[in-house]
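The values are calculated or read from the model by the stated rules, or taken from the named source; none is laboratory data. These numbers come from a predicted model, not from an experiment. A quick note on method: Cβ atoms are made from the backbone with ideal geometry, for glycine too, and the neighbour counts reach across all protein chains shown. Accessible surface is based on the protein model in full, side chains and every heavy atom, while ligands, DNA and RNA are left aside. Shrake-Rupley method; radii C 1.70, N 1.55, O 1.52, S 1.80 Å.
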Amino acid sequence: MNVTTDLLHILVATIAAMLAGYIWFHPLVFGTRWRELMKEYTGMADEDLKPEPLRQLPKWFFITLINVIVVYLLADRLDIQSRISSLKIAFALWAGFGLTFSSWYVIFARQRQSLWLLNNGAFLFMQAIICFILVMWR
């Protein structure tokens, strides 16, 4: 295990996942629909949903970094080495944690399934990118 190389892999996977999330939620992809659904669900105005990069990006980086570190540790301990296996672990992590825990809002807080699906699609997409980078760049 080379600590410098491992940290580089973790950093690259974190940034790649954030870029994937940025693309997913870009107004030309799903951002406009997400904004409409969030306004409907929360009652927030457009101004309240405006991005605040200086406040949001450090938090997003930190939580994404935590996810990447956990994926790195799992992939290393399970000795995941193939592209298919990396996508299987991404799907398992998404299904076991993201899909299940985020469904509480649909069940208990009457969140629309379309918003839930949109958010979970992003999480699965980002998780697949993280797993793929960490496994294939070993």
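As I understand it, the value is the acute angle between the Cα axis of helix 53-77 and the longest principal axis of the Cα atoms of the chain; what does it come to in degrees, rounded to 10? In the chain, helix 53-77 runs at an angle near 40 degrees to the longest axis. To test your reading of the geometry: what angle, between 0 and 90 degrees and rounded to tens, separates the Cα axis of helix 113-136 from the longest principal axis of the chain? Taking the Cα atoms of the chain, the angle to 113-136 is about 20 degrees. For the chain, taking Cα atoms only, Rg and Dmax work out to 16.1, 49 Å respectively. Here's how it looks for residue 111: its modeled amide H is under 5 Å from those of 106, which are all 5 or more places away or on a different chain.
The residues neighbouring residue 40, those whose beta-carbon lies less than 12 Å from its own, together hold a net charge of +4 under the Lys/Arg +1, Asp/Glu -1 convention. A simple spin-label model places pseudo-atoms 7 Å from Cα toward Cβ; at residue 2 and residue 69 they are separated by 2.2 nm. Computed over protein heavy atoms with a 1.4 Å probe, the carbon and sulfur contribution to the accessible area of the chain reaches 70%.
In Å², what does the accessible area per residue of the range 1-108 work out to with a 1.4 Å probe? If you can, show how the numbers build up before the last one.
Numbers: 7430 Å² over 108 residues.
On a per-residue basis, the range 1-108 sits at 69 Å².
With a Cα-only, solvent-free Debye model of the range 47-127, what are the log10 I(q)/I(0) values at q = 0.11, 0.18, 0.21, 0.27 Å⁻¹? Evaluating at q = 0.11, 0.18, 0.21, 0.27 Å⁻¹ gives log10 I(q)/I(0) of -0.39, -0.91, -1.09, -1.26. Between 0 and 90 degrees, the angle of helix 3-24 with respect to the longest Cα principal axis of the chain falls at about 30 degrees.
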